[in-house]
1. Tell me the residue from S188, S172 that is free of Cβ contacts under 8 Å to residues at least 40 places away in the same chain, in a helix (DSSP H, G or I) and under 51 Å from the mean Cα position of the chain (by Cα), please.
2. Which condition does E44 not pass, out of (1) under 37 Å from the mean Cα position of the chain (by Cα); (2) exposed (fewer than 12 other Cβ atoms within 10 Å of the Cβ); (3) free of Cβ contacts under 8 Å to residues at least 60 places away in the same chain, if it passes all the others?
3. Only one of K124, K153 is of a type in the set (K, R), over 30 Å from L181 (Cβ atoms) and under 47 Å from the mean Cα position of the chain (by Cα). Can you tell me which?
4. What's the total number of residues in segment 82-105 that are open to solvent by less than 50 Å² (accessible area, probe 1.4 Å) and either outside any helix (DSSP H, G or I) or touching a residue at least 24 places away in the same chain (Cβ under 8 Å) (or both)?
5. Condition test on Q108, is it open to solvent by 100 Å² or more (accessible area, probe 1.4 Å) and more than 27 Å from S172 (Cβ to Cβ)?
6. Can you tell me which residue is farthest from L177 (Cα to Cα) among those in segment 47-69 that are open to solvent by 50 Å² or more (accessible area, probe 1.4 Å) and aliphatic (A, V, I, L, M)?
7. So which residues in segment 16-62 are of a type in the set (S, T, Y), modelled with pLDDT of 75 or more and part of a helix (DSSP H, G or I), if there are any at all?
Amino acid sequence: MGAVTDDEVIRKRLLIDGDGAGDDRRINLLVKSFIKWCNSGSQEEGYSQYQRMLSTLSQCEFSMGKTLLVYDMNLREMENYEKIYKEIECSIAGAHEKIAECKKQILQAKRIRKNRQEYDALAKVIQHHPDRHETLKELEALGKELEHLSHIKESVEDKLELRRKQFHVLLSTIHELQQTLENDEKLSEVEEAQDASMETDPKP
């Protein structure tokens, strides 16, 4: 089992602690504590309110730090998505090149098939020649060559089918990545809208 990275530790803590909800409540509590501290009638009561303000300030600072960590993680995730997208683009370009190469091989296979038909026609002509022994030897050689060419054709067709499947997988991966990026952008927009709404709402 591999070592746990700092990003994983931070992400787990943020999932446990929440996303900074309750900041408004802490600020309101801090203001109320400050007012009580100003109006405290005794030193003991003032010290108690002072300790509460320090505790609330500590919570606010922790929440702010946590928000910054979330922001940094989002930036790293976006950089990672961009890197993956570029890698996929390179893979697609490579797949196009391989498909072009496979098309060339198919054309070659078609030429081989045409040659095979010509060989068959020639073999029929050769059969009428007087030297039957030499003719049979040539026909045997031609048969081996045709068999070899047939294997090459089958290999080319198998490679082309494999490239088509790989290209389909690449297209599916791109679609899933684009969907993930769109979902992340929508989520970020919703969070920004909520933050803006919280900032514009009048405090109680």
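The values are calculated or read from the model by the stated rules, or taken from the named source; none is laboratory data. These figures come from a predicted structure and were not determined experimentally. Every residue, glycine among them, receives a Cβ derived from its backbone with ideal geometry; neighbour counts consider all protein chains shown. Protein only, heavy atoms only, side chains kept; ligands, DNA and RNA dropped before computing areas. Shrake-Rupley method; radii C 1.70, N 1.55, O 1.52, S 1.80 Å.
1. S172
2. Looking at each condition in turn, E44 falls short on (1).
3. K153
4. So the count comes out to 6.
5. In short, no.
6. This residue is L54.
7. Result: Y47, S48, Y50, S55, T56, S58.
Matching residues to (1) among the small types (G, A, S); (2) more than 22 Å from N74 (Cβ to Cβ):
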{"residue": "S155", "(1), (2)": "yes, yes"}
{"residue": "E161", "(1), (2)": "no, yes"}
{"residue": "R164", "(1), (2)": "no, yes"}
{"residue": "H168", "(1), (2)": "no, yes"}
{"residue": "L171", "(1), (2)": "no, yes"}
{"residue": "L177", "(1), (2)": "no, no"}
{"residue": "N183", "(1), (2)": "no, no"}
{"residue": "E189", "(1), (2)": "no, no"}
